[in-house]
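The values are calculated or read from the model by the stated rules, or taken from the named source; none is laboratory data. From a predicted model like this one, the values you see are computed outputs, not experimental measurements. Here the Cβ is made from the backbone with ideal geometry for all residues, glycine too, and neighbour counts use every protein chain on show. Side chains are part of the model used for accessible areas, which takes the heavy atoms of the whole protein and leaves out ligands, DNA and RNA. Shrake-Rupley method; radii C 1.70, N 1.55, O 1.52, S 1.80 Å.
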Amino acid sequence: MNRFFAKATVLAAILISMGSCVKHSSTSVKELQADEQPAIELSGLRDSLRSLADRTPGEVGIALITWSGDTLTVNNTDTYPLMSVFKLHQALAVCHDFEKRGISIDTVISIDRQSLNPETWSPMLKEKPEDEIRISVRELMQYALTKSDNNASNLMFDRFVPVADVDSFIATLVPRDGFQIRFRESDMQKDHALSFENHTSPLSAAMLIKKVYADSVLSGVNLEFVRETLFGCATGVDRISLPLSEIEGIRIAHKTGSGYRDSKGRLIAYNDVAYIILPDGRSYALAVFVSDFEGDEKDASEIISEISSKVYSLIGGTELVTN
């Protein structure tokens, strides 16, 4: 039976302090100030999501943070494998490190093609056929964030910011007890069990992506880069994004993560973490993590999509009231 945990008081206090949103690029919709944002009743939605999670053949963790800072969680334990969601954490740490050292993310580096792994997921390797690949750090992060490229991620861990330093930096943004990052994609590929050593609670992941859009976690240029790049994520569009894709004026920034199968044939992880800006300017963060799932990827996507649909049916259906 899945476990249900109410939101933690300490985390709630932190989230309330994150309540107002900031404007980003001129291409984004207007976001509302805190005093323009109406509160909504979440208890009915919580019951509905808990029921869905309880009947799922696996563990489902959910976290929602509304525009007013209210939170809803279901099965909010720090046990869900991050998988490629950690590439968001990594990109933030790389940008921060480059800022400290006064280096532009447009810096171009050289990569020996032979040093890259042809047996891992890597659109970059397929799209760049040359023996010596010259690529900017910006483009490496774009590959990692929008296409979940494992070679790009491994290379950034090896050359720029080690795993432990990424973990330490993220602990300055969200509570330490909500996540852990210890291994690279290459480590997990060799030993799938290590996937469980990079873990998170759904609330921690939702807090992080909300913080990207609500706070100045990086300098203006780099922060704008991360924000806009997440809006272009091309993986997992059949998850949180699917029921929202036909809504005119909506913007969805997200990062997915997908896992291996364990010895029992269960899907280790299937995740999506999103920041959604509605056409009227309201926004919310939604994180859905599915683990130990006895089904295929299509089934897991449908569960995440159904959760997203239920959330939007309440969030999107709430009539906007301004002062």
Could you look at the chain and say what percent of its accessible area is carbon and sulfur, using a 1.4 Å probe and all protein chains? 50 percent
To the nearest 10 degrees, how steep is helix 43-54 against the longest Cα principal axis of the chain, on a 0 to 90 scale? 50 degrees
Which of LYS126/LYS255; LYS87/LYS210; LYS87/LYS147; LYS126/LYS147 exceed 18 Å between C-alpha atoms? The answer is LYS126/LYS255
Just the ratio, please: alpha-carbon radius of gyration of segment 63-157 over 2.2 N^0.38 Å, N its number of residues. 1.33
Summed over the other residues with a beta carbon less than 9 angstrom from that of LEU52, with K and R at +1 and D and E at -1, the charge totals +1
Under a point-charge model restricted to the Cβ atoms of Lys and Arg (+1) and Asp and Glu (-1), what is the dipole moment magnitude of segment 104-192 relative to its Cα centre, in debye to the nearest 20? 140 debye
More than 36 angstrom apart: percent of Cα pairs within the chain: 14 percent
Expressed in angstrom, Rg and Dmax over the Cα atoms of segment 206-286 are 14.5, 47
Could you work out the relative contact order of the chain, using alpha carbon pairs under 8 angstrom and six or more residues apart, expressed as a whole percent? 25 percent
Would you work out the relative contact order for segment 28-174, in percent, from Cα pairs under 8 angstrom that are 6 or more residues apart? 19 percent
Under a 1.4 Å probe, what is the accessible area of segment 177-300 per residue, stated in Å²? 34 Å²
Subtracting the Cα-Cα distance from 0.36 nm times the residue separation, let me have the gained length for ILE103 to LYS298 in nm, one decimal. 66.0 nm
Taking the dipole of the chain about the Cα centre (Lys, Arg +1; Asp, Glu -1; charges at Cβ), the one of CYS233, SER305, ALA287 that reaches farthest to the positive side is ALA287
